[in-house]
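*Asks:* I'd like to ask you about the structure that follows.
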Amino acid sequence: MIYAAALAVLALAGAAFVARLVYGPRLADRVVALDGVLTTVALAIIANSARTDSTQYVVVAVVFFFNDTATTEIYTRFIE
């Protein structure tokens, strides 16, 4: 039950970030929204891993999060 609520909140957050990604007026807004979307996906992977009581996807989520961080750093260097 709690996992379904967590995934629902993450789905709402993801939808809000996607809306910001599409309608963001500046490039910096879109980069922050993309970072939020990718972080939300990593958190959804971890929440699903907790729901299924499996640790095999936690490594995937950590790698996904590090890739997200690196991508955001590259985009922010490009904006400057």
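*Asks:* Under the classification rounded if a/c is under 1.5, otherwise prolate if a/b is larger than b/c and oblate if not, where does the chain fall, given a ≥ b ≥ c as square roots of the Cα gyration tensor eigenvalues?
*Replies:* It is oblate, given that a/c is not under 1.5 and a/b is not larger than b/c.
*Asks:* Here is a follow-up. Name the residue farthest towards the positive end of the dipole of the chain from the options Ser54, Ala11, Ala42, assuming +1 on Cβ of Lys and Arg, -1 on Cβ of Asp and Glu, about the Cα centre.
*Replies:* Final value for the positive-end residue is Ala11.
*Asks:* Next question. To the nearest 20 debye, what charge dipole does the chain have about its Cα centre, counting +1 at the Cβ of each Lys and Arg and -1 at the Cβ of each Asp and Glu?
*Replies:* 160 debye
*Asks:* Given the options Ala19, Ala33, Ala61, which has the most mean-square fluctuation in a GNM of the chain, springs set between C-alpha atoms less than 10 angstrom apart?
*Replies:* Ala19
*Asks:* In terms of solvent-accessible area of protein heavy atoms at a 1.4 angstrom probe, what is the ranking of Asp53, Asp35, Asp68, highest value first?
*Replies:* Ranked from most to least accessible, the order is Asp53, Asp35, Asp68.
*Asks:* Related question: Could you state the accessible area per residue of the chain in Å², with a 1.4 Å probe and every protein chain left in place?
*Replies:* Per residue, the chain has an accessible area of 71 Å².
*Asks:* What is the percent carbon and sulfur in the accessible area of the chain, measuring with a 1.4 Å probe over the protein chains and ignoring ligands?
*Replies:* Within the chain, the accessible surface is 71 percent carbon and sulfur.
The values are calculated or read from the model by the stated rules, or taken from the named source; none is laboratory data. Since this is a predicted model, take the numbers as computed values, not measurements. A quick note on method: Cβ atoms are made from the backbone with ideal geometry, for glycine too, and the neighbour counts reach across all protein chains shown. The area values use the complete protein model at the heavy-atom level, side chains included, leaving out ligands, DNA and RNA. Shrake-Rupley method; radii C 1.70, N 1.55, O 1.52, S 1.80 Å.
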